[in-house]
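Some notes on the structure that comes next.
The values are calculated or read from the model by the stated rules, or taken from the named source; none is laboratory data. Nothing here was measured: the structure is a model prediction, and the numbers come from that model. Backbone-built Cβ (ideal geometry, glycine too); neighbour counts: all protein chains shown.
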Amino acid sequence: MEPLVTVGLPIYNAEAYLAECIESIKAQTLKEFTVLAVLDCPNDNSEEILRRHADSRFQIIKNQVNIGLAATCNRMLELCQTELLARMDADDIMYPDRLKKQYDFMQAHPEIDVLGTYSIEIDEQGNYLRGPYPHGTTPEEVRAEFRILCAFWHSSVMFRVARILALGGYPNCRVAEDLILWLRGLEQNYQYAILPETLIKYRVHATGLMNRTREESYQANDAAYAKYGHSIWGAEAPDYIAGVTRWERLQRRMKRNIKRLFSK
C-alpha cells in the first residue's frame, strides 16, 4: 500500500506526551500514510516510547547530533517521498479525520500550497483551555490575517513538499522558523488556505518551545515582518519594528489596535 501523505514528526525530549501523539496518528481514518519520526538526540525516554508505540508505517531516523527544529524539518523535507507532508509536533494530538480531510482538500484544490486547520489549546493533562479561533479560510483572508499574526498552527499544516523546497526549506534559525517560511511564501504569491474545522489539539505547557523562547520569538517575529512586510502588502504592511524592548512593542501594538478600532 503506497502512502498518500507523509507525517513529519520531529522529536526532542517529548516523553511526557509522545505516546498520546503517536496513538492519535495511528488512529487516522486515512490509513495510507508514512511517518518520518526524526529523533533529534533527545536525552529522555522519547526513543524508547517511540519504538514501543510505532507501527510499520513509522520510519525512525536519528540525527547524529542535535541540530534543532528547523534543520530537522529540512531533513524531513529531503527524505519525504510523497507530494504532501503533514507537520506534527510530538506534544500535540490529531483528530482522527485530520489527514483524510486535509488530503481530500489538497486533491480538490491543486492551487493551494499550504493548508492549515482550526485548533484548540489543551493543558499538560489534555484538558481544554481555549479555542478554536475564527481564522480566515480563503487565500485572500489568510493573506490578510498574516498582517496581524501567524495564521497557521504549525502542527496543523499540510503542504506540497516541492513548493516548500522551492523556497529553500525552513530558514536556519532557532525561533520563528515557521513564520519566516510562510512569509517567504506570501512574498512569492503562494496560496494558503485554512479548513474551518478543529483537527488539532495544541498543547500548552511550561516546557514548550514557545514558552522557553518567548521574548526571542517576539523579536524574531518583528524582524521577519520588517523584512518581508512591505514586499507582501506594500503600503498596507504592518508597522513592526525589530529589536525594540517588550514595553516598546506593547506600546506600539496598543497604538495600532486603537487606530484599527477607530478606523472601522
Restricting the stretch 230-264 to residues that are under 20 Å from residue 177 (Cα atoms) and of a type in the set (Ser, Thr, Tyr), the one modelled with the highest pLDDT turns out to be 231
Is there a residue in the stretch 222-229 that is surrounded by 12 or more Cβ atoms within 10 Å (Cβ to Cβ), at pLDDT 85 or above, outside any helix (DSSP H, G or I) and not acidic (Asp, Glu)?
no
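Per-residue answers, yes or no, for (1) in contact with an Asp or Glu (Cβ under 9 Å, 6 or more places away or on another chain); (2) more than 16 Å from residue 152 (Cα to Cα):
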{"position": "110", "(1), (2)": "no, yes"}
{"position": "117", "(1), (2)": "yes, no"}
{"position": "121", "(1), (2)": "no, no"}
{"position": "129", "(1), (2)": "yes, yes"}
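Looking at 161, 157, which is the one that is modelled with pLDDT of 95 or more, assigned by TED's automatic domain parsing to the domain that holds residue 54 and crowded, with 22+ Cβ neighbours inside 10 Å? Give the steps one after another, and end with the answer.
Details: 161 fails: crowded, with 22+ Cβ neighbours inside 10 Å.
Matching residue, one of 161, 157: 157.
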Exactly one of 138, 117 is of a type in the set (Ser, Thr, Tyr) and either surrounded by fewer than 16 Cβ atoms within 10 Å (Cβ to Cβ) or without any contact (Cβ under 8 Å) to a residue 40 or more places away in the chain (or both), and that one is 138
Heads up, the strands (runs of 3 or more DSSP E) in the stretch 1-66 (entirely inside) with at least 3 residues that are in contact (Cβ under 8 Å) with a residue 24 or more places away in the chain and within 23 Å of residue 201 (Cα to Cα) are 5-11, 33-39
Of (1) touching a Leu at 6+ places or on another chain (Cβ under 7 Å); (2) over 30 Å from residue 236 (Cβ atoms); (3) not hydrophobic (A, V, I, L, M, F, W, C), residue 127 fails just (1)
Confirm whether residue 99 is under 26 Å from residue 40 (Cα atoms), buried (at least 19 other Cβ atoms within 10 Å of the Cβ), in contact with a Pro (Cβ under 7 Å, 6 or more places away or on another chain) and not β-branched (Val, Ile, Thr). no
The residue that is modelled with the highest pLDDT, considering only those in the stretch 198-212 that are exposed (fewer than 15 other Cβ atoms within 10 Å of the Cβ) and outside any helix (DSSP H, G or I), is 204
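Filter the stretch 120-135 down to the residues that are of a type in the set (Ser, Thr, Tyr) and either at pLDDT below 95 or buried (at least 21 other Cβ atoms within 10 Å of the Cβ) (or both) and list them by number.
Correct list: 133 only.
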Given the conditions (1) touching a Leu at 6+ places or on another chain (Cβ under 9 Å); (2) among the aliphatic types (A, V, I, L, M); (3) within 20 Å of residue 180 (Cβ to Cβ), every one holds for residue 67 apart from (1)
